[in-house]
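S.K.: Pasting a structure below so you can have a look.
Coordinate-derived values only; no laboratory data. Quantities reported herein were computed from a predicted structural model and do not represent experimental measurements. For neighbour counting, all protein chains shown are included, and Cβ atoms are generated from backbone atoms with ideal geometry for every residue, glycine included.
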Amino acid sequence: MEMFRIAGGTRLAGSIRVEGSKNAALPILAASVAITGNVQLEQVPKLQDVTTMSTLLQGMGVSIARGHDNTVVMNSNEITSTIAPYELVRQMRAGICVLGPLLARFGTATVALPGGCKIGHRPVDLHLQGLSALGADIRIESGNIVASARQLRGCELDLLGSHGPTVTGTCNVMVAAALAQGTTVIRNAAREPEVADLARFLNSAGANIEGQGTSVIEIQGVEQLGPVHHTIIADRIEAATLAIAAAITGGSILIENAPTEHMQSVLDILREIGVLLKQSSDGLHVSAAGQLAPVVADINPYPGFPTDVQAQLMALLTLVPGESRVTDNVFPERFMHAAELIRMGADIDVRGKSAVIRGVPSLSAAPVMASDLRASAALVLAGIAAKGVTEIRRVYHLYRGYQQFDSKLNSLGARILRVDDGPDQDSVPIPAPHWDIRNVRESCD
């Protein structure tokens, strides 16, 4: 497997463009199996999770074609299987997003219980409760969710979990309800921009969904969803990660295509720390040349500060003078990166769902291990800022959510080298899907 060898101490400068959102692309790709006819998607990022989802869908009989400009064309008219196997779903939690679409269109689905990053307990009970409320018969057999329904029917349901609304659960229920008879009202729906993007995608295909982006979504079921052409929103998590990369190195960069309308909580915290932010027609300008200040940051569901930026923020705070506190109310156990940052000289004390970070003058290079996707990004940022050469193992996590992250950072002045570190028993490579590019430019309108 590959590892990163990072020569730290560089100041990032230049401009970089944000890709399409991973967290929007995955449920939209999954929802495409509920659509009759062609689906054309723009700004689909080239990520391991997208490859895994594509392989999963192709195994069901979905035809997929990818162009060279992040365009993907799909067609699910020749579905031959409604089974999502463990070998693929265990690599990517978003695999469960095929459950609702398959059930709605074909009346049956068998989906392995999901895997993904080890960032704490993430049950799927709300997915199952929501689909059951729509009339599905659901049981667990041999580690699989087995669902069936002759006809889904609209209802009122609540998707509030112990740590807030469920994002993928909202996506699953929303797609299923789009093809159910009657009206469905989802209360305590997830408000994330990625959920709203899925609703826009479905509406463009003929669905009747209102209230997306709020806590109450109303869906009037339709008989069929048809061909659609849709552009995936920009990735707010990648944009936030790049902004923090500039701040942690005292750099100055322009982030093109940054979805600042979806990043208010992140921008507010960065401003409070002392990072200089300026929006223009070119993008988001980020610089941090002066003294930075500690903060108290609470991680909450959208529109709160996102848990997917918690690790990167913590990496920055290790170098901010004074005492900061980060409390993760979404995934209280998501602090595995703290131990690795401590290996680099950080002063962090994890107390339950909170971490107290006391800024140190500098970080020092050390061999570290990535535990999950966002922890990988945090360690890369720390390595760029640290003195000496940092080695980060298990960076395959990073490939799940960032397109050419090392190349992008190197274009800004970072010094990151990919090095072969031999096999890793915890990583199971996913074969690349077969991209049929013959008709990639076929119109889906």
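S.K.: Ranked by Cβ crowding within 10 angstrom, fewest neighbours first, how are Ser32, Ser280, Ser15, Ser324 ordered?
M.R.: If I rank by nearby Cβ atoms, fewest first, I get Ser280, Ser15, Ser324, Ser32.
S.K.: Dividing the convex hull volume of the Cα atoms of the stretch 22-231 by its residue count, what figure in Å³ per residue is obtained?
M.R.: With only Cα atoms used, the stretch 22-231 gives 101 Å³ per residue.
S.K.: Also, quick follow-up: Once both axes come from the Cα atoms, what is the angle between helix 264-273 and the longest principal axis of the chain, in degrees from 0 to 90, rounded to 10?
M.R.: 10
S.K.: I would also like to ask the following. With +1 on each Lys and Arg Cβ and -1 on each Asp and Glu Cβ, and nothing else charged, work out how big the dipole of the chain is about its Cα centre, in Debye to the nearest 20.
M.R.: Using Cβ point charges on Lys, Arg, Asp and Glu, the chain gives about 620 debye.
S.K.: Mind checking the stretch 34-106 for GluC sites (Glu not before Pro) that DSSP puts in a loop (not H, G, I, E or B) and that have at most 15 other Cβ atoms within 10 Å? Mind showing how you got there, number by number?
M.R.: Working: sites: Glu42, Glu78, Glu87; in loops: Glu78.
Sites meeting the loop and neighbour criteria: Glu78.
S.K.: Neighbour counts of other C-beta atoms within 10 Å: give me Ile145, Ile392 arranged from fewest to most. Intermediate values should be presented prior to the final figure.
M.R.: Working: Ile145 23, Ile392 27.
Listed from fewest to most nearby Cβ atoms, that is Ile145, Ile392.
S.K.: Also, quick follow-up: Once the other residues with Cβ under 11 Å from the Cβ of Glu192 are scored (Lys, Arg +1; Asp, Glu -1), what is the net sum?
M.R.: -1
S.K.: Treating the beta-carbon of each Lys and Arg as +1 and of each Asp and Glu as -1, no other charges, what is the dipole magnitude of the stretch 22-231 about its Cα centre, to the nearest 20 debye?
M.R.: 320
S.K.: Restricting to Cα atoms and excluding each atom paired with itself, what does the Kirkwood estimate give for the stretch 274-378 in Å?
M.R.: Evaluated over the stretch 274-378, this radius sits at 14.4 Å.
S.K.: Here's another thing I want to ask about it. Any chance you could check the Cα centroid distance between the stretch 386-405 and the stretch 31-100 for me, in angstrom?
M.R.: 26
S.K.: Given H placed on each backbone N at 1.01 Å, which residues far from Thr166 in sequence or on other chains put an amide H within less than 5 Å of it?
M.R.: Residues meeting the criterion, in which the H sits 1.01 Å from N, are Gly161, Ala190.
S.K.: Right, another one. Going by Cα centres, the stretch 201-268 and the stretch 141-175 are how many Å apart?
M.R.: 22
S.K.: Students often check this: by mean Cβ neighbours within 10 Å, which of 43-50, 164-171, 412-419 ranks highest, and how do the rest follow?
M.R.: Descending packing order for the listed peptides: 164-171, 43-50, 412-419.
S.K.: Take the alpha carbon atoms of the chain, find their radius of gyration, then divide it by 2.2 N^0.38 Å using N residues; give the quotient.
M.R.: 0.96
S.K.: Then there's this: In whole angstrom, and with the biggest value first, how far do the Cα coordinates of the stretch 166-235 range along each principal axis?
M.R.: 31, 28, 16
S.K.: Just want to confirm a number: the relative contact order over the chain, from Cα pairs under 8 angstrom separated by 6+ residues, in percent.
M.R.: Relative contact order, the chain: 23 percent.
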